[in-house]
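Undergrad: First the structure, then my questions, so here it is.
Bear in mind that the values in this text are calculations on the coordinates, not laboratory data. The structure presented is a predicted model; accordingly, all values stated were derived computationally and were not measured. Methodologically, a virtual Cβ is constructed for each residue, glycine included, from the backbone with ideal geometry; neighbour enumeration extends over all protein chains shown.
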Amino acid sequence: MYDAVTLITDFGDYYPGVMKCSLISALKCLKHEASIVDICHEVEPFNVMHGAFLLYSSWKYAKAVHCAVVDPTVGGEREVLVIFCKNSAFVGPNNGILYPAAREAGIEKVLNVDGEEVFSFLRSCLEEEIRLSSTFHGRDIFAPSAALTAAGRIQEFGEEMSLRKLKKLELFDVRAKNNRLKCRVIFNDRFGNAVTNVRAERVRGIRGVWVKEMYFPMVKRITDVRVGEPFTIIGSFSTLELCVREGSAKDMGIHGDLEIELEY
């Protein structure tokens, strides 16, 4: 059993609150107490890579049930998964969002959950004539699945699935040729910083990078450059970030797929 559930979605403002109401009701029905932690509900819509990156970067700070829902094919054929690892469990759709974090955590078992059965459990908890939505599985299936996982009851609602059927997603698929890297900006944060998928060890010892004929010197601290100047730094995700002090790299066109040149 787990005493915390974390949430990552692309749901924005209204929908996470309703999802948490469902989660709270299921936990209460199970007579199980668990803290609910909102990691992020501002994942770029439909961007599974972004959601997977945030989950990968956050799971290790809490031994918990980590529920991540970025689900472009909601209502389709994709499976509802619970992945059990050494000290954590992961709940979400089988579209790759769970894979990088679960692999890092050490996958022990994968459960293919019967979503309709989970929804029937939720309906019995609420004692209301609600219907299963084809567009909001975060509320109707994933939230109660996370509650059942936290309470140690989810095995009653699914069957073990082969690891071979897990949808895999590679976050750090950087290609290198000489001093050039083909990489991607996973997302631009609210400050406009471009968070890339280039791990720190791949750029150890560089003096800076060239991107689109713009130079970004490598610094240790933001204050190593003046306001308005570009720089690159190893950020809190332990990956290379392209930034402008008190400005926006995104506004300079730094987003999406990139080719960068390393300067040593």
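Undergrad: Given a cut-off of under 8 Å on Cα pairs at least six residues apart, what relative contact order in percent is computed for the stretch 68-208?
TA: Working: 186 pairs, mean separation 30.1, N = 141.
Relative contact order here is 21 percent.
Undergrad: How far, in nm, would the chain grow between R103 and Y61 when pulled straight, counting 0.36 nm per residue and subtracting the alpha carbon separation? Write down the numbers at each step before the final one.
TA: Working: separation 42, 0.36 × 42 = 15.12 nm, distance 1.57 nm.
Residue separation times 0.36 nm, minus the Cα-Cα distance, leaves 13.5 nm.
Undergrad: Using helices alone, I'd like the mean residue ellipticity at 222 nm for the chain: each DSSP H run of four-plus residues gives -39500 (n - 2.57), total over residue count, nearest 500.
TA: On the way: 5 runs with 54 residues, N = 264.
That calculation yields -6000 deg cm²/dmol at 222 nm.
Undergrad: If you scale each eigenvalue of the Cα gyration tensor by 5 and take the root, what three semi-axes come out for the stretch 81-153, rounded to whole angstrom and sorted largest first? Can you show the working numbers first?
TA: Working: eigenvalues 121, 34, 13 Å².
Equivalent ellipsoid semi-axes, largest first: 25, 13, 8 Å.
Undergrad: Still on this structure: Show me the three semi-axes of the equivalent ellipsoid for the stretch 177-224, from the C-alpha gyration tensor (sqrt of 5 times each eigenvalue), largest first, rounded to whole Å. Walk me through the numbers before you get to the answer.
TA: Values: eigenvalues 59, 46, 27 Å².
Values for the stretch 177-224, descending: 17, 15, 12 Å.
Undergrad: Separate question: Roughly what % of Cα-Cα distances in the chain sit above 27 Å, to the whole percent? Display every interim value, and only then the final one.
TA: Details: 14620 of 34716 pairs.
Cα-Cα pairs of the chain separated by over 27 Å account for 42 percent.
Undergrad: Next question. In whole angstrom, and with the biggest value first, how far do the Cα coordinates of the stretch 101-250 range along each principal axis?
TA: 60, 33, 25
Undergrad: Here is a follow-up. May I ask you to list, by number, the DSSP H helices of the chain whose Cα span along the axis is at least 20 Å and whose average Kyte-Doolittle hydropathy reaches -0.5 or more? Intermediate results must be reported in sequence, preceding the final value.
TA: Numbers: long enough: 14-29 (24 Å, 0.69).
Span-like helices here: 14-29.
Undergrad: Still on this model: Along each of the three principal axes of the Cα atoms of the stretch 122-193, give the extent in whole Å, ordering the values from largest to smallest.
TA: 62, 36, 24
Undergrad: Quick one: pull the percentage of alpha-carbon pairs in the stretch 175-263 with a separation above 15 Å.
TA: Working: 2015 of 3916 pairs.
Value for the stretch 175-263 (Cα pairs over 15 Å): 51 percent.
Undergrad: Just to confirm the filter: which chymotrypsin sites (Phe, Trp or Tyr not before Pro) across the stretch 139-209 are DSSP coil and have at most 16 other Cβ within 10 angstrom of their Cβ?
TA: Numbers: sites: F142, F157, F172, F187, F191; in loops: F172, F191.
Answer in residue order: F172, F191.
Undergrad: Could you check what % of the DSSP bridge pairs in the chain are antiparallel, to the nearest 5?
TA: So the antiparallel bridges in the chain amount to around 75 percent.
Undergrad: Quick one: longest stretch of the chain between exposed loop GluC sites (Glu not before Pro), exposed meaning at most 15 other C-beta atoms within 10 Å and loop per DSSP? Show your work: numbers first, answer last.
TA: Numbers: sites that count: E33, E77, E127, E128, E129, E170, E213, E246.
Result for the longest clean stretch: 78-126.
Undergrad: Once the convex hull of the C-alpha atoms of the stretch 20-87 is built, how many Å³ does it hold per residue, rounded to a whole number? Can you show the working numbers first?
TA: Working: hull volume 8.5 nm³, N = 68.
Roughly 125 Å³ of hull volume per residue.
Undergrad: Same structure again: What longest range of the chain stays clear of loop-exposed trypsin sites (Lys or Arg not before Pro) (DSSP non-H/G/I/E/B, at most 13 other C-beta within 10 angstrom)? Spell out each step's value before the answer.
TA: Working: sites that count: K31, K86, R131, K168, R190, R204, R207, K212, K220, R221, R226.
That gives 32-85 as the longest site-free run.
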